[in-house]
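The values are calculated or read from the model by the stated rules, or taken from the named source; none is laboratory data. What you see is a predicted model, and the numbers here were worked out from it, not measured in a lab. Cβ coordinates were reconstructed from backbone atoms using ideal geometry, including for glycine residues, and neighbour counts include every protein chain displayed. Calculation scope for accessible area: heavy atoms of the full protein, side chains included, ligands and nucleic acids excluded. Shrake-Rupley method; radii C 1.70, N 1.55, O 1.52, S 1.80 Å.
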Amino acid sequence: MSDAPTVTVDHEGAVAVIRYANAPSGLISNKGAALLADRIGHELECEATRCLVLTGGEEGVFIRHADVSQIRRAGDAVASGTIRPEDFPASPFARIGHMLDASEKPVIAAINGVCMGGGLEIALACTLRIAVSSPNYSIGLPEIRLGIFPGAGGIARLARLIGAHRARRFALEGAIVDAGAAAELGLIDELAADPVGRAIDLATIFAGRHPAAVAAIMELAAAEDDDSAIERSMIRFGELVGGSREIRHRLSAFAKGSRPLEDMD
């Protein structure tokens, strides 16, 4: 796996298009999440930027999923006492989620390909999700297949969109679906042949609205009842990976193998 993530930004008027890439794996590590968080934070603070589009910088990949080997190492660190489960809500992944939750500017996820695990958790924190209209790319939360669960607030954010019952079932099944099925469930707002182009078009409309009105809508529509649930889920995730040697072994075996996560039961 390459560990040379890159984050690039192009500006289309008042719209910032942020592209994350980590070829050839498409994974996101803490290093990649920190780079992405820094760039998102910069654009959210930039007065000239009125709307953001977040997408993948590789063909057919939004973000494949988090770096499982790093999750296993984090579990080892918890088990040895180097870090605590209570430290997990301070991770770069948590920072991204908090910024997107609190953003006064719309952030559109243009899902241009495979988007699972930690990648989908980031997309779920965005204001809208537009996915490529192709059955060839996987979207899902398959973590339960490795004995863990979405650890960056994904279950709570999914429940905001599709309701607690369906979110719980989706996570318990480790569901992986195509974009059409994701749209039917309500995970995806729109399908488009060119999700980045469609996201830019929509972002341009939002960017042209009065910024104070946009900020008010973003604030007033924000969820107010599940911030503690998101933090609690991150702590539970740390407890899980740190407290189970069996799970850390499974994570290590997966990280060293060649079998893709979507092929696991």
Mind checking whether some residue in segment 150-161 is closer than 25 Å to VAL9 by Cβ, out of contact with any Phe, Trp or Tyr (no Cβ under 7 Å at 6 or more places or on another chain), at pLDDT 95 or above and not in a strand (DSSP E or B)? no
Starting from residues that are modelled with pLDDT of 75 or more and assigned to a loop (DSSP other than H, G, I, E, B), keep the ones in segment 223-265 and report whichever is nearest to ALA102 (Cα to Cα). SER244
Look through ILE188, ILE200 and report the one residue that is crowded, with 16+ Cβ neighbours inside 10 Å and not in a helix (DSSP H, G or I). ILE188
Pairs, first over 19 Å from LEU27 (Cα atoms) in segment 78-94, second among the charged types (D, E, K, R), C-beta under 8 Å, six or more apart: VAL78/ARG84; VAL78/GLU239; ALA79/ARG245; ALA79/ARG248; PRO85/ARG236; PRO85/GLU239; PRO89/GLU231
Considering only segment 96-126, state which residues are open to solvent by less than 30 Å² (accessible area, probe 1.4 Å) and among the small types (Gly, Ala, Ser). GLY97, SER103, ALA109, ALA110, GLY113, GLY117, GLY118, GLY119, ALA123, ALA125
Within segment 127-147, can you find the residues that are surrounded by 24 or more Cβ atoms within 10 Å (Cβ to Cβ) and out of contact with any helix residue (DSSP H, G or I) (no Cβ under 6 Å at 6 or more places or on another chain)? GLY140, GLU143
Segment 157-166: number of residues that are crowded, with 24+ Cβ neighbours inside 10 Å and not charged (D, E, K, R): 1
